[in-house]
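The values are calculated or read from the model by the stated rules, or taken from the named source; none is laboratory data. Source: prediction; values computed, not measured. Cβ sites come from the backbone with ideal geometry, for glycine too, and all protein chains shown count toward neighbours. All accessible areas refer to the heavy atoms of the entire protein, side chains included, with ligands and DNA or RNA removed. Shrake-Rupley method; radii C 1.70, N 1.55, O 1.52, S 1.80 Å.
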Amino acid sequence: TAGVNILTLPGIREPYVMDLTSKKVRDYGLALHLMDIPAYDDNSARLYDDSTNKPNVKETTGFFDARSIDNNYAATYFPDVFIDDAVNVRRIKVPASVAALGALGFNDRVAYPWFAPAGFNRAALDFVTNVHVRLNVGDRDRLYDSRINPIATFPRLGYVIYGQKTLQINKSALDRVNVRRLLLEVKRIIIGIANKIVFEQNTPAVRNRFVSEAVFQLSLIQTQAGVEAFQVVMNETNNTQDDIDLNKLNGRIVVVPTRAIEFIAIDFIITNAGVQFV
């Protein structure tokens, strides 16, 4: 369903399962996967829920790097955290994805999906009582170099998510969680507008109506600091007679995320089967 925008399976860490889940989320194209990863101790032994050893950051990042995940529809966090269970009156350890999900929920309550869910303004974890591993500056740098978002501890300030990388390897705007979520929101908006013109006559008036509605919605995002600039194209430059004969209507959205230098283009095709992004 298009209403799902975040997927997480807290505590499920098996690499094969998580890699497949991230691939399915990327194929779905409208959500972000908050992935949990296995931790390893000083002896390179994998740790499980009943393990008593502490995770080693170097070993954990080494094993994670070896997986060579390249997917900007997924993000991961480290380490696990402790929260209070008010029902059973006890302190419990929960996966890092639980903290991440809480931070994203708070971010969307006080700001918008295209704001970075990191730092003390939107990712301070006031519900966290402790972390499984206290990270030093070197640990945080090592994790971030491996595209793992650290959950940091600061004296007197508490616990905070101190990064917002996706699992994309190459550097671009889409290696950041807020830009990926911006694009997810734009996709969702465009699908809603495009679905209203499926089966309509392929006329200039219909195409202009689509452009007008898309421009209005993207202008709202622009006023809310989501994009610096954008362009909506749906005319003879990207729609040939062959496309019309095949009952296709092509559109192109170009957005420049706020404070990013990259242009991001979203091409899509409207047919009587629905809206397809390419």
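Odds and ends about this structure:
- Our summary gives region 128-222 a relative contact order of 14 percent, counting only alpha carbon pairs under 8 angstrom and 6 or more residues apart.
- Nearest 10 degrees, 0 to 90: helix 204-223 Cα axis against the chain principal axis: 30 degrees
- Crossing angle, helix 57-66 versus the chain [Cα axis fit, 0-90 degrees, rounded to tens]: 40 degrees
- Charging the Cβ of each Asp and Glu at -1 and of each Lys and Arg at +1, and nothing else, the dipole of the chain about its Cα centre rounds to 500 debye.
- Percent of beta bridges antiparallel (DSSP, region 1-160, rounded to nearest 5): 60 percent
- With a cut-off of 15 Å between beta carbons, the residues surrounding Gln201 carry a summed charge of +1, where Lys and Arg count +1 and Asp and Glu -1.
- Angle in degrees between helix 96-110 and the longest Cα principal axis of the chain, rounded to the nearest 10: 50 degrees
- Extended-chain gain in nm, criterion 0.36 nm per residue less alpha-carbon gap, Val233 and Leu157: 22.6 nm
- Charging the Cβ of each Asp and Glu at -1 and of each Lys and Arg at +1, and nothing else, the dipole of region 168-278 about its Cα centre rounds to 460 debye.
- Of the residues Arg209, Arg180, Arg90, Arg109, ranked by 1.4 Å probe accessible area with the largest first, the sequence reads Arg109, Arg90, Arg209, Arg180.
- Of the solvent-accessible surface of the chain, computed with a 1.4 Å probe and all protein chains present, 52% belongs to carbon and sulfur.
- Cα-based reach from Lys24 at 22 Å (exclusive), listing lysines while leaving out same-chain residues under 8 positions away: Lys165, Lys187
- Relative contact order of the chain, taken over Cα pairs closer than 8 Å and 6 or more residues apart, is 14 percent.
- Under a Gaussian network description of the chain, with springs only between Cα atoms under 10 Å, the residue in Thr166, Thr76, Thr240 that fluctuates furthest is Thr240.
- Using the Cβ of Ile253 as centre and a radius below 11 Å, the other residues enclosed give a net charge of +1, where K and R count +1 and D and E count -1.
- Surface analysis of the chain yields an accessible area of 50 Å² per residue, using protein heavy atoms and a 1.4 Å probe.
- Net charge dipole size for region 96-219 [Lys, Arg +1 and Asp, Glu -1 on Cβ; Debye, nearest 20]: 100 debye
- Net charge of neighbours whose Cβ lies under 13 Å from the Cβ of Phe106, counting Lys and Arg as +1 and Asp and Glu as -1: 0
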